[in-house]
Amino acid sequence: MIFESLADVPKEIAEFYYEETVSEPTGDFYSEATTDAEGVEYNVQVPIMQDVVYLREVTLGETKTESDLSRVIKMSKPQKVIDRFLTCVEVGYRDEYWQVYLTYLDQMVEWNNLKEAFLPNAVDEDGELIDGVENVFSVPEPEKPFRYTPTEEVIYQSHDEQAFKIERTKLVNEITVDVDGIVFDGDELSQTRMSRAIISLDDDEEMPWTLADNSVTMVTQAMLKKAVKLAGTIQSQLWINPHTKHTKS
C-alpha cells in the first residue's frame, strides 16, 4: 500500500509515518547579475527552488521475538542485555502490527474490487440493493487486525517467572550456612545428604564432612541439624517470587 501524504494514512498506523519537507529545483531558472573578481558584471542562471513534501516511514530499529528474550534469560545474560532485548521485542510487536495492517489494507482493496465486480447491476446509485435483485456476493469482508503491542513492562512480567526460577536455582546452589564458625554447603543436594546423615548418626557420634571450602572436619548430629535448618530457611525465603501478588485468605 502506497500513501501520497500523511493525510492518506489511516490513523491506526499514522505513528509509523512522518512528512519531510525538502527544497528541490523546479527545472526553471532566473537570471541574476553578479560581478567577477575584476569587477566585470555578468548574468548567471540560478535554479528556481520549491519545497516538496515527502512521506517517510519511521525507522523502528532492531526487532526481537519473545523466543529471543527467553533465550537470553535462560543463558543468564546481564540485565543490560535483557533490557535491550526487551526493547527490541516491544519494537517487534509494533512492526508486526504495522505490516499486518498494511496487508489488511491490500486485502480490503481486493475485496472491494471483487464486490464491485459482483454487484454492478444489483445496487442503486446510493449503494443500496435494488428490490428483487439477488445479492450473490458472499465473500466475507477482511477482518481489521487487532492491535497487541504490549509495553516492555508487560513483556517482562510474562517472562519474570522464568527469569526468577533461573535466578532462584542459581542462588539455591550457592547457599552456605555458618554453624559455630564452620561453613557448610546448603544447596538442595547438601541438605539431602545432611538429612540422611542425621538419621544415621547417634547423638554422641561424629562423622567426617566436606565443608564449603572443600576442607574436611568431624561433625555431630546436632551440628548437621542446625546446618540443615538454616539452609532450609534460606531456601524457603528464596522460593518466593517478590513480584508475585498474594491474596490474603
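For the range 6-57, the residue among Ala14, Thr26, Asn43 whose Cα projects farthest onto the positive side of the dipole built from Cβ charges is Ala14. Computed from Cα atoms, the angle from the helix 188-200 axis to the main principal axis of the chain rounds to 20 degrees. Where in the range 52-70 does the label zone of Tyr18 land, with the point 7 angstrom along Cα→C-beta and an amide N cut-off under 12 Å? The answer is 56-60, whose backbone nitrogens lie closer than 12 Å to the label point. Note on the chain: antiparallel DSSP beta bridges, both residues inside, total approximately 100 percent of the bridges counted.
Cut-off 18 Å, label point 7 angstrom out along Cα-to-Cβ of Asp178: give me the residues of the range 206-240 whose amide nitrogen falls inside. What the label zone holds, given the 18 Å backbone N cut-off, is 211-215, 223-224, 226-235. Among (1) 61; (2) 74; (3) 46, which is the computed percent of Cα pairs over 24 Å apart? Of the listed options (1) 61; (2) 74; (3) 46, (2) comes from this structure. Rounded to the nearest 10 degrees, the inclination of helix 79-118 to the longest alpha-carbon principal axis of the chain is 40 degrees.
Relative contact order of the range 174-238: 37 percent, from C-alpha pairs under 8 Å at least 6 residues apart in sequence. What's the center-to-center distance, using Cα atoms, between the range 87-101 and the range 11-80 in Å? Answer, in whole Å: 23. The simple Förster model, with R0 at 25 Å and r as the Cβ-Cβ distance, assigns Val58 and Leu105 a FRET efficiency of 0.90. Taking the chain as the reference, fit the longest principal axis to its C-alpha atoms, fit the long axis of helix 221-238 to the helix C-alpha atoms, and give the angle between the two in degrees, 0 to 90, nearest 10. The helix 221-238 is inclined about 10 degrees to the chain. By the gyration tensor of its Cα atoms, with a ≥ b ≥ c the square roots of the eigenvalues, what is the shape of the range 6-57: rounded for a/c under 1.5, prolate for a/b over b/c, or oblate? It comes out prolate by the Cα gyration axes.
Every number in this text was worked out from the coordinates using simple rules, so none of it is lab data. It should be emphasised that the depicted structure is a prediction, and the values quoted were computed from it without experimental measurement. No Cβ is skipped: glycine too gets one built from the backbone with ideal geometry, and neighbour counts run over all protein chains shown.
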